[in-house]
Amino acid sequence: MTTPSKNKTLLALQKSLDEVQTLRTSYSSSANFKLWHKNTLNAIQRLFPSEETAFRHITYDAPRRSYSSYDLYYDDDTEQERNSYYLAGLTNASTLIQSLIFQVEHFWEDETLPSLPEPTVKHRIERIFERFHLVARQLAKRYAKRDTLEIHDEYDVQDLMHALLLLDFADVRREEGTGSFAGSNSRMDFLLKIEKIALEMKHSRLGLTTKQLGEELIVDIRRYKKTHPDCEFLYCFVYDPASLIANPRGIENDLSVTTDGLPVKVIIRP
């Protein structure tokens, strides 16, 4: 049987100790007291077996007295006297529990918690994508209908995305050139300079068919044939708050490929 952690042991002992205060207005034959006594005894048996006898020997009732050769017992203590025995027993139990807490706090080894792996760069970016819609909705619920950022088009998506990226990344560059494509200079929406990742933003709109969106994304991806030297990975994020895009997972799967040596990942949300 494994030993509970230091923290769990302290919580269990402190719970028993705190419950003593509520039991002071009760009595030893009450259901509350019996439950507390059983739970505390079980904890001590499990965690401190050497202290089990000491806890069992704590009395909460007046000792019985015999007055004849037939060992007949009479309970002639007043209610106040019986209560004093009960309270004394609770005090002794509290003292024992406090000593156990002291042992755990000062002599038990602290747990070494396993260190969680740091989220990867891509995980941090994709977490922003996943929560983008929640943030946009929250911004729309400002106090007293104050002015806020409303997401209507790609420029609005870019503005909010820029702010969110700055939470995790120190060097977020906007509108980096990607070289010439189809006779004109093309530009990426964002470049994470240190991480060497580019990001393209899109916003769904009425009249934009699934086929047209796919074609636009293909054009965006092809723009990176002559990629920026600092770009080693491309994200295409499509914000679709009204769920206008049919089969978004299909588009993601079809276009999330490596094109001319450039890995691409398309994410459509929500």
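Computed from the coordinates by the stated procedures, all read-outs in this text should not be read as laboratory data. Treat the numbers as computed from the prediction; the structure is a model and nothing was measured. Counting neighbours? That spans all protein chains shown, and the Cβs are built from the backbone with ideal geometry, glycine included.
Work out how much length Glu252 to Leu149 would gain on full extension: take 0.36 nm times their residue separation and subtract the Cα-Cα distance, in nm to one decimal.
Difference between extended and current length: 34.3 nm.
How large is the Kirkwood hydrodynamic radius of region 6-107, in angstrom, based on all distinct alpha carbon pairs?
Across region 6-107, the inverse of the average 1/r is 14.9 Å.
Report the extension gain between Phe102 and Gln80 in nm, rounded to one decimal, defined as 0.36 nm multiplied by the number of residues separating them, less their alpha carbon distance.
Full extension of this stretch gives 4.6 nm more.
Take Ser30 and Val121, extend 7 Å from each Cα along the Cα→Cβ direction, and tell me the distance between the two endpoints in nm.
6.4 nm
For a quick check: with amide H placed at 1.01 Å from N, whose amide H comes under 5 Å from Glu200's, ignoring anything fewer than 5 positions away on the same chain?
Correct list: Tyr235, Cys236, Phe237.
For Asn7 and Glu51, what does the FRET efficiency come to when R0 = 22 Å and r is the distance between their Cβ atoms, rounded to the nearest 0.05?
0.65
Can you give the extra length, in nm with one decimal, that the chain gains between Glu215 and Thr59 once fully stretched, where that is 0.36 nm per residue apart less the Cα-Cα distance?
Extra length from Glu215 to Thr59 when fully extended: 47.8 nm.
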